[in-house]
Amino acid sequence: MNKTVFISLPIEDLQTVIIDCVNSCLLNNKQTQTPTDHPEQLFTIQKASEFLSLSVPTIYGKVSRKEIPFMKKGKRLYFSPTELMDYLKGDRKKSQEEIIKEVDSFLVKKKKPNQKPKK
């Protein structure tokens, strides 16, 4: 059952109602959108070699030994900058302080409850 309603409003009030409705819709739409404005740009082998400061043949060697993360589409290789950065961080050496903290933490966990600490 359709109902028709007629409202008498001054034009300024009608404009304000329309603007408020549009702004509300835009605000709700903006909150539900997923951020897909900037998808990750993939590197070619040349860009990856520049990024890692390695020669192209060295990159090919690492790819063939599966030492480096890569994607292959047809005959082309692609590299994710994020994955390359994680690859670089994976070989990070721990500082002396970090090693000591890990050893202390390990020893505390291994200590038996009734065992007295050595002096």
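Inside region 35-93, residues that are among the aliphatic types (A, V, I, L, M) and part of a helix (DSSP H, G or I) make up a count of 9. Contact map, region 69-96: residues that are farther than 12 Å from Ile45 by Cβ paired with residues that are loosely packed, with under 10 Cβ neighbours inside 10 Å, Cβ distance under 7 Å, separation 6+ or inter-chain. Pairs shown: Ser80/Glu40; Pro81/Glu40; Thr82/Glu40. Across region 82-113, the qualifying residues are those that are of a type in the set (Lys, Arg) and surrounded by fewer than 10 Cβ atoms within 10 Å (Cβ to Cβ), and the one among them that is modelled with the highest pLDDT is Lys89.
Quick one: count up the residues across region 49-92 that are closer than 19 Å to Pro39 by Cα and among the small types (Gly, Ala, Ser). Before the answer, list the steps.
Step one: list which residues in region 49-92 are closer than 19 Å to Pro39 by Cα, which gives 51, 69-73, 77-86.
Retained after the next criterion (residues that are among the small types (Gly, Ala, Ser)): 80.
Counting residues in region 49-92 that are closer than 19 Å to Pro39 by Cα and among the small types (Gly, Ala, Ser) gives 1.
The values are calculated or read from the model by the stated rules, or taken from the named source; none is laboratory data. Source: prediction; values computed, not measured. A quick note on method: Cβ atoms are made from the backbone with ideal geometry, for glycine too, and the neighbour counts reach across all protein chains shown.
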